[in-house]
Structure formats: structure tokens, C-alpha cells
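**Student:** Pasting in a structure now, in C-alpha cells, and then I'll have a few things to ask.
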Amino acid sequence: MRVQGVAASPGIALGPAFLLKSKDFKVVRRELSGADEAARELKRLRDTIDSVDADLSRLAKSVEHVAEGRQIVEFLRLLLRDPVMQGEVEQRITDELVCAEFALSVMLQDVMARFRELDDPYIRERAADIRDVGRRLLEKLLGTEKEALARSGEPMVLVAGDLSPSDVAGIDTGQVAAIVTDRGGSTSHTAILARGMGIPAVVALGNITGVVSPRDTLVVDGIHGFVVVNPAREELEYARAARAEYLEVKRSMAEDAQKPAETADGVRIELSANIEFPREVEQVKRCGGQGIGLFRTEFIRASMHGVETEEDHFHIYDRVAGAMAPDPVIIRTYDMGGDKFRPGMAREANPFLGYRGVRICLDSPDEFRKQIRGILRASRHGNVRIMFPMITHVEQMRRIRELVSEVGDGLSREGIPFDAGMQVGFMVETPAAVTALDLLLPYADFVSIGTNDLTQYTLAVDRGSPLVADLYDPYHPAVLRQIDQVVRFGHAQGKWVGVCGVMAGDPLAVPLLLGLGVDKLSVAAAVIPDIKKMISAFTIESAARIASEALSLPTGRDIRAMVYSRVAGKCPGILLDENLGIGR
Ligand code: PEP
Ligand code: MG
């Protein structure tokens, strides 16, 4: 069965499915072969109960000082060890010869149904506790836990509704062959994280968590954006061959990784990498990135527990800046909100239009100062640039410049070294920033176009919603015209213009962006070799011709098709998504 989604991170992978945190467990009735297998199943059930008990005992310790919390956990442990319930499950396994998870889920359904009929609200509420214990047991039995992933011994395909940054932060990339999710879009945070780790991913699959059972075989095509569940033999062979070819091309490109990014007529283009975690610096270097063009600092919050201090900020930025020096490192201040880090934040009807980016930071100047101070201190390496997200108003840039000056003055007074000439820039992510750019530019040394948000806000299409994913198109004429305008405004005031949205890492977009006059590109580390190859396939003049033709075409589909016809065959190693329809 083939399920079409949205390509989120390139590559082709095969592997058994690993369901992460599925809320509704899909329990399949598996018949056992006889008494021997039933005995093994009983042992598996008892081991699982012991393992959940050990988890609960750890949990009890962590809430030791809260009497109510301790009581709740102790009650869960009593339920877990309830001899009547356990006896019922064991009897079903031996009498009906069914697997443990099926026997358990039948028992749970019975108990829940009986509880629902009770009048006493207190007892009815206890149903939630039984559900909790049942969920813990089923998670382990079905292998939906990260520990099971670690134990699996072979790379698996992670299947989830969506992934939180903390889910991803804990992943060992060697264990994950690919990521597939129900929700998200090509520029949602899950896609960004997968790309950062170089793991193939397909998102916006609708209900892949409902279709896939644990250990089903999956083929994931992160170039064309589809997943095949339990492929037929020929499909499997085809996928294996495509994967081998893809890896071979990657390997040969990696050999050229350290060459500079240069057009066919010898113009150097600064090609840097987007990172979310400091650990990615090594990969950036391996892939031949000439710096960091976007450090999305909000993701480091996933690995910091509690309130961040200035020292936390400083150590992280200093490490990255030191490791990359003398290549430039652009550190973007927190861009919380939207689809990132909602916990604890007020609910909003339209989070992408709400409390987000500098809107939040400027409201908490003390917190903001800590981050700015950390970045300024790391600028002692001489290669740091600071960048601000979600700028829409001149007042925001004025306030930001005041804050940066204040922080710099403070450091000077304290004799702490920093780069007084550190470049300050902002992201162009909204039509407001594009159309009023001439008014904003005096406050900056550079700008970087965030095509992910610029596309979303220009087309009024939520970048994470699968329902409108087919309308989300950075090649739409309205987006291209804005990129063109930003370059012209920027150059008119002597400022450089970069692109750091996902579009910059799409090989097809390379001639277009260069032709429009973009000075620098920043992309996921894993795609740097592809983009470098693409840059080398065009002269600036030929790229300019493609861009000018693109600006005269009426639809995103026409623009893709035209660029595709100019690109196809120029770089045979680079796999392009030949689906030229909108909706990527
Ligand atoms: C963008 O909007 O294009 C961008 C690079 O920022 P983010 O994806 O973090 O919103
Ligand atoms: Mg953005």
C-alpha cells in the first residue's frame, strides 16, 4: 500500500516500523501456535509488568516529596499487580492462544465498559488510572518506546503523529532509518529537524499511524514524498536499488565536499548550513559548509531543563563559534511560538499570527538581554553575526538596536571581550518586511529571507497543515516577486541578502535564487554537496536568464516546469522530484 505525503528530508530508506507514542494503540489479534508459545507469551507479559513496576517505582521516587503524587503512583502500582486482572489476561493467553497485547487490551476494554456504568463519580475517575497502567503496559508490549528502539538492533522507521523537539533531541541517528508522520509540512519543525540530522522523512501522511502496525516493513522515499507499507517483492527490490544508487551518488559528491561553492563562471557563493543543535557542527564541516547561516537557537531549549542563564547561552554559542571560526556563524535569537514550543503558552486561535519570535522576546527584556549577552560574548571569536526573527515593525528594530547597544556598553564597562563591529541582521519572513524593507534596512547590516514563513504569510497557507499543503508553494509568483524585491532593496542600500528557508536547499531553486541576485544560501548540512554541484552547473548570466523568465510566468507549476527543463540532465547525480505540481 502506497501513501502519498510531503517530502520533508531527502533520501530513500527501508526498515521495520517503530510506532512512537501512538495515542490509540492498534492492537492486532495474533494467534499463538500452541502451549510453548503461550508460555513464552506469559513470560513476556510478566517481564513487562516487572519493567513497568520498575518505571513506576522510579517515578514514585521522583515525586517522593509530594504526598498526593506518591499516593497516585502507589495506587497505579497496586493496579498493575492486581492478581484478578493479571489472572484474567493470563487465562485468555493460555485458553484462547492469543498474544499478550491482545489479551490485555480485551481485558482493559471490559473493565472500562464496566466502570462507565458505575454511578459513583470517584470510582468512575479511577478508570483513568487503569487506562494509564494499561497504556504503559501496551507501550512496552507493542514496542512503542524509545528504549525499545535502542534495543531493536537495526535501524527502524520512526512512525509518529508528530515529533516534538525533545523526542528528536534524544534520538540516536544510527537507530533511525527514516521518519514518517501524520502531520507537519515540508517546513514544519519535524521536517527541519530530520533534515538537520540527514534522516529521510515524509510528513503530512494523514493517518499513517493508523495504517501501520509495529514491525511492518516500510519503504520511505523522502525525495518524492511517499511511503510504501509492506511492499511487494518487486517494490522492495526497486527501493533497494534506488537507495544504493542514491547512496553512491552521495558518496561521490562528498568527495568534492571541501571544494568552494562556485558558479561555472567562477563566482564564489557563500554556502552555509542551518543548524538546530551544536552537535551538528561536525556534520556541517564534513559536508563542506562554509559557516552557519542560521542557528535556530529555540531548539536548544529542548536540551536545557528549566530557565536558561546567560552562561548557558554563552557556552553553547561560544562552542559553535569557536568550532567554526573563522567561518561566519549567524545566531538567530529565539523564535518560539507558531508550531514551536507551545507548552505553557497561552492558547491562540492563530498561533502563526500570534505571540511569536521577537514579539515574545521584546516583552521579556531581561530574558532577551541574557541571550543577546551570550551571543555578544561569543562574538569574541570575530565570526559571529546576530539575527532577529519575525520582524514586521520599524519600532521592533529600533528597540532591538537599543538593546544590543546597551548590552555591548555593559560588556565594555565590565571589560568582557566582544566584537564591537558584530553584524546585525533580521529575517525577512512577512510581506510587511518585504514591502517596507527600505524603512527597516537602515537598522541592519544584512537580511536573510525566510522563505518558509514568507510563503506561508504571503499565500495565507499554514505551513504545517496537511489540508492546505497543496497550496503551499515557494515557487508561486507572489513569493518569487518578493524575493526579487528584497534583493533589489537590499543591494540599493549596500546590504547583502541571503536565503535560509528550505527553498535554498531545493536543487531546483538554486539557479532561480542565484539569478535573482541572492548573495548567500544557507541549507541543511546534508544537502550541501547537492547544492554545491548545482551552483557549479550555471553561470551567473544563465541563472539570471532563468530567473527573468520565471518572473514572467503565471503559476508556480509553470515556473517549476521551466526551471526543471533547464536543470534536468545538468547534474545527473541529483535526484529531483519530477512531480512538478504544487504541493510539496
Ligand atoms: C523561514 O521561515 O524560512 C525560516 C528559515 O525560519 P523557520 O523555519 O525557523 O521559521
Ligand atoms: Mg521563519
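The numbers here are math on the coordinates, done by the rules we state, and not lab data. Because the structure is predicted, anything quoted here is derived from the model rather than measured. Quick reminder, even Gly has a Cβ in these numbers, built from the backbone with ideal geometry, and neighbours come from all protein chains shown.
**Student:** Using 1/(1 + (r/R0)^6) with R0 = 51 angstrom and r between the beta carbons of LYS570 and ARG215, what's the FRET efficiency to the nearest 0.05?
**Tutor:** 0.75
**Student:** Something else: Using only the Cα atoms, what convex hull volume per residue in Å³ does the range 356-508 have?
**Tutor:** Given the Cα convex hull of the range 356-508, per-residue volume reads 122 Å³.
**Student:** Using Cβ counts within 10 Å as a stand-in for footprinting exposure, how do ARG332, ARG233 rank, fewest first?
**Tutor:** Lowest to highest Cβ neighbour count: ARG233, ARG332.
**Student:** Give me the dipole magnitude in Debye, nearest 20, for the range 35-142 about the Cα centre, with unit charges on the beta carbon: positive for Lys and Arg, negative for Asp and Glu.
**Tutor:** Around 320 debye, computed over the range 35-142.
**Student:** For labels at LYS43 and HIS491 in the simple 7 Å Cα→Cβ model, what's the distance in nm?
**Tutor:** So the label points at LYS43 and HIS491 sit 7.3 nm apart.
**Student:** Same structure again: At R0 = 56 Å, how high is the FRET efficiency between GLN86 and ALA460 if r is their beta carbon distance? Nearest 0.05 is fine.
**Tutor:** E(calc), rounded to 0.05, equals 0.55.
**Student:** Just for the chain, what percent of DSSP beta bridges are antiparallel, to the closest 5?
**Tutor:** About 30 percent, rounded to the nearest 5.
**Student:** Using θ = phi - 60° and the Karplus curve 6.51 cos²θ - 1.76 cosθ + 1.60, what whole-Hz ³J(HN,Hα) does each residue of the range 443-454 get, with Gly and Pro shown as x?
**Tutor:** Karplus-based 3J(HN,Hα) across the range 443-454 equals 8, 9, 9, 7, 9, 10, 7, x, 5, 4, 7, 4 Hz.
**Student:** While we're on this one: If you count, for each residue, the other Cβ atoms within 10 Å and average over each peptide, how do 505-517, 434-446, 217-229 line up from highest to lowest?
**Tutor:** The most tightly packed comes first, giving 505-517, 217-229, 434-446.
**Student:** Next question. So what is the relative contact order of the chain, in percent, for Cα pairs below 8 Å that sit 6 or more residues apart?
**Tutor:** 15
**Student:** Rank the residues GLU310, GLU402, GLU154 as a footprinting-exposure proxy: fewest other Cβ atoms within 10 Å of their Cβ go first.
**Tutor:** GLU154, GLU402, GLU310
**Student:** Taking the square root of 5 times each eigenvalue of the Cα gyration tensor, what semi-axes in Å does the equivalent ellipsoid of the chain have, largest first?
**Tutor:** For the chain, the ellipsoid semi-axes come out as 46, 30, 21 Å.
**Student:** Sum -39500 (n - 2.57) across every DSSP H segment of at least 4 residues in the chain, then divide by the residue count to get the 222 nm mean residue ellipticity, nearest 500.
**Tutor:** Using -39500 (n - 2.57) per qualifying helix, the result is -15000 deg cm²/dmol.
**Student:** Next up: Hey, can you rank 178-189, 264-275, 528-539, 87-98 by average C-beta count inside 10 Å, highest first?
**Tutor:** 178-189, 528-539, 264-275, 87-98
**Student:** A further question follows. Arrange CYS361, CYS99 by Cβ neighbour counts within 10 Å, fewest through most, would you?
**Tutor:** Ordered by Cβ neighbours within 10 Å, fewest first: CYS99, CYS361.
**Student:** Provide the per-residue ³J(HN,Hα) series for the range 196-209, in order, calculated from phi with Karplus coefficients 6.51, -1.76, 1.60 and θ = phi - 60°, each as a whole number of Hz, with x at glycine and proline positions.
**Tutor:** x, 8, x, 9, x, 8, 10, 10, 6, 8, x, 9, 5, 5
**Student:** With labels modelled as points extended 7 Å from the Cα through the Cβ direction, what inter-label distance (nm, one decimal) is found for ASP558 paired with GLU406?
**Tutor:** 5.1
**Student:** Whole Å is fine, so just give me how far the alpha carbon centre of the range 277-302 lies from that of the range 344-365.
**Tutor:** A separation of 25 Å, based on Cα centres.
**Student:** Over the range 262-579, what is the relative contact order in percent, taking alpha-carbon pairs closer than 8 angstrom and at least six residues apart?
**Tutor:** Dividing the mean separation by the residue count of the range 262-579 yields 19 percent.
**Student:** Then there is this: Please list 3J(HN,Hα) in residue order for the range 369-381, calculated via the Karplus relation 6.51 cos²θ - 1.76 cosθ + 1.60 where θ = phi - 60°; whole Hz, with x for glycine and proline.
**Tutor:** 4, 4, 5, 5, 4, x, 5, 4, 5, 5, 5, 4, 6
**Student:** Okay, moving on. Counting only Cα atoms, I'd like the Rg/Rh figure for the range 262-579, Kirkwood definition for Rh.
**Tutor:** 0.96
**Student:** Please give the contour-minus-distance gain from ALA242 to GLU367: 0.36 nm per residue of separation, less the Cα-Cα distance, rounded to one decimal in nm.
**Tutor:** Answer, rounded to one decimal: 40.1 nm.
**Student:** Determine the shape class of the range 35-142: with a ≥ b ≥ c the square roots of the Cα gyration tensor eigenvalues, call it rounded for a/c under 1.5, and otherwise prolate if a/b is greater than b/c, oblate otherwise.
**Tutor:** oblate
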